[in-house]
1. Set the Förster distance to 45 Å, then compute FRET efficiency between Leu23 and Arg196 from the Cβ-Cβ distance, nearest 0.05.
2. Which of the lysines could a cross-linker bridge to Lys79, judged by Cα under 27 Å and excluding same-chain residues fewer than eight apart?
3. So, R0 is 45 Å and r is the distance between the beta-carbons of Asp231 and Asp40; what FRET efficiency does that work out to, to 0.05?
4. For segment 268-330, what percent of Cα pairs sit more than 14 Å apart?
5. What ³J(HN,Hα) values, in whole Hz, does the Karplus curve 6.51 cos²θ - 1.76 cosθ + 1.60 give for segment 300-313 when θ = phi - 60°, with x put for Gly and Pro?
6. Rank Phe101, Phe313 by accessible area, highest first, at a 1.4 Å probe radius?
7. Under the Karplus relation 6.51 cos²θ - 1.76 cosθ + 1.60, θ = phi - 60°, what is the ordered set of whole-Hz ³J(HN,Hα) values for segment 105-120, x standing for Gly and Pro?
8. Can you tell me which of Pro239, Pro78, Pro220 moves the most in a GNM of the chain? Springs connect C-alpha atoms under 10 Å apart.
Amino acid sequence: MMSGEDTAAPQVLEDLPGVLKLLSDGSVVRGDEAVLWPEDPLPDVPGVQWKDAQYHAPRGLSVRVYRPSSSVTEAGGPKLPVLVYFHGGGYCLGSFAQPHFHTYCLRAAAELPAVVLSVQYRLAPEHRLPAAIEDGAAFLSWLRDQAELGVGADPWLAETADFGRTFISGASAGANLAHHVTVQAASAQRDVHPVRVAGYVLISAFFGGAERTATEADPPADVSLTVEGSDMFWRMSLPVGASRDHPVANPFGPESPSLASVDLPPVLVVAPESDVLRDRVMGYAARLREMGKAVEVAEFAGEQHGFSVLRPFGEAANELMRVLKRFVYAGTTRNTSTDG
């Protein structure tokens, strides 16, 4: 006969109501993430083609490829820069197919213009970190293979992509992922030649740390990501028992390798003002500047964490597209400030 302990129902360890539950037996219950997003319909973005391509068959992972329709008709014309994009969601939520992330990529492809590659990666808590970073590294290896194939590569990339102008970007957790993948490429942990990472872009980066910053201790009003929510995502995504000073969460933590000797490309750091993570984002930029790295900071007054996708056609999102285009096409300009 089974004991009462054996038959007891598993307890809820973490709960994002209606969206995600982590139970004490390790099982995960997922709901509908649509409840987290604005209900307003998203307008169409004309002039962009897109398709999905598999980059890691054993894990069933794909990349969504976007290119401007005009690039197809201009046969033999100049190729376009490549913008790799990792979606957000605290490493636990989100999808490259989610409509708001999809719309952001459509806009970037059309307005930069660029070949945009939106990367699917495994989510926690089913796949705890560093699984997502391993997927990001696997994607860069796939991209390197595509660059080496030349005319034998995916036709859209062979026709349109300038692999020598590749930029790695992401929003929130995707920005954290972009940081780690860029560091791997820049420190020669991963050979990506003939791909050249010309820069990277961190939008509302999801960083953490055991010690509270000022904006975490005294959060701005009306934030889209709370301190409690941020903590919960780290508990569900980091290795079991790890603290927020884990090197994935805190790139300048006590166990994190120094970035001083890493030949990082120029970085665009996008910092919304009304964000509990603002001090971490600004601190990241300041620490890199102290090391002599090329850093551009774009501050967006009054904007929340995730503004780039929560309001993808707002004035701040419009300005972000202009800042991003300038960074990609004209290189780094330090100390940019925008009042979005």
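1. Details: r = 45 Å, r/R0 = 1.00.
According to the calculation, E is roughly 0.50.
2. Filter leaves Lys51, Lys325.
3. On the way: r = 30 Å, r/R0 = 0.66.
FRET efficiency, Asp231 to Asp40: 0.90.
4. Details: 1128 of 1953 pairs.
Result: 58 percent of Cα pairs exceed 14 Å.
5. Listing the rounded values in order: 10, 4, x, 8, 9, 4, x, 4, 5, 10, 5, 10, x, 10 Hz.
6. Working: Phe101 10, Phe313 80 Å².
These residues rank, largest area first, as Phe313, Phe101.
7. 5, 4, 4, 4, 4, 6, 9, 5, x, 7, 8, 9, 10, 9, 9, 7
8. Pro78
The values are calculated or read from the model by the stated rules, or taken from the named source; none is laboratory data. This one's a predicted model, so the numbers in the text were calculated from it and none came from an experiment. All Cβ positions, glycine included, derive from the backbone under ideal geometry; neighbour counts span all protein chains shown. Areas reflect the complete protein model, heavy atoms only, side chains present, ligands, DNA and RNA absent. Shrake-Rupley method; radii C 1.70, N 1.55, O 1.52, S 1.80 Å.
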